[in-house]
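Enquirer: Take this structure first; my questions come after.
Every number here is computed from the coordinates shown, using simple stated rules; none is lab data. Note that the structure is predicted; figures quoted are calculated from it, not measured. Counting neighbours? That spans all protein chains shown, and the Cβs are built from the backbone with ideal geometry, glycine included.
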């Protein structure tokens with residue numbers, strides 16, 4: 001039993017508890033507060049578009065889609081694309097119009113967490129990488145908006161099938177999304193560290209997925 005949780009009713013300290021038992025300080029997040037399991041667990045349960053969709057679709061699945069689009073198009077920056085929304089594991093998925101209204105206060109928190117996550121996982125966040133992430137993030141956004149708000153699922157279905165991500169259903173339930181997010185992370189790390197030299201090992205498509213990252 002983990003007894004290190006911050007008192008749940010004390011909201012003035014500027015900290016939050018995570019499922020792994022870590023206490024995260026919003027004012028001063030550090031790399032040791034961040035874990036990929038907490039990120040995957042949280043993003044798999046957060047719904048895109050503020051929940052205003054015709055079926056559940058997680059930020060974790062969106063992140064995998066952006067990573068695969070990036071890798072298909074550029075052959076690099078797969079890890080950076082996968083973690084482009086990782087700060088939302090701690091800040092929530094705030095819809096873009098609201099982010100604009102919140103302005104600099106939200107941006108400060110977002111940049112704070114983006115920086116510490118980039119430090120934790122040695123992300124290569126150059127202007128070129130950021131521009132490419134935005135390109136494929138927007139592609140995914142358009143496909144998801146079409147499928148989950150406008151009820152035109154065909155473009156997203158065709159894209160998932162082309163990328164090898166279609167599993168018989170368009171959106172994944174939370175546990176499936178969590179496991180596949182962690183598998184995609186492991187795959188991207190193996191590629192970056194040179195443990196894979198003959199193309200992508202595609203953990204998230206393999207039958208031993210649950211044994212590897214469950």
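Enquirer: If you take the beta carbon distance between residue 141 and residue 13 as r and set R0 to 25 Å, what does 1/(1 + (r/R0)^6) give as a FRET efficiency, to the nearest 0.05?
Expert: So, using R0 = 25 Å, E works out to roughly 0.10.
Enquirer: Report, to one decimal in Å, the Kirkwood hydrodynamic radius for the chain based on all distinct Cα pairs. Walk me through the numbers before you get to the answer.
Expert: On the way: mean 1/r = 0.0557 Å⁻¹.
Value: 17.9 Å, from the Cα pair sum.
Enquirer: For the range 117-160, report the % of Cα-Cα distances exceeding 14 Å. Provide the component values of the computation, followed by the final result.
Expert: On the way: 566 of 946 pairs.
Value for the range 117-160: 60 percent of Cα pairs lie more than 14 Å apart.
Enquirer: Now, a different point. Normalised by the number of residues in the range 15-213, what is the relative contact order in percent for Cα pairs under 8 Å and 6+ residues apart?
Expert: Across the range 15-213, relative contact order equals 25 percent.
Enquirer: Still on this structure, please answer the following. For residue 37 and residue 125 in one chain, what is 0.36 nm times their gap in residues minus the Cα-Cα distance, to one decimal in nm?
Expert: Values: separation 88, 0.36 × 88 = 31.68 nm, distance 2.17 nm.
Here the segment from residue 37 to residue 125 would lengthen by 29.5 nm.
Enquirer: For a Förster distance of 35 Å, can you work out the FRET efficiency between the beta-carbons of residue 72 and residue 107, rounded to the nearest 0.05?
Expert: Numbers: r = 30 Å, r/R0 = 0.86.
So the FRET efficiency works out to roughly 0.70.
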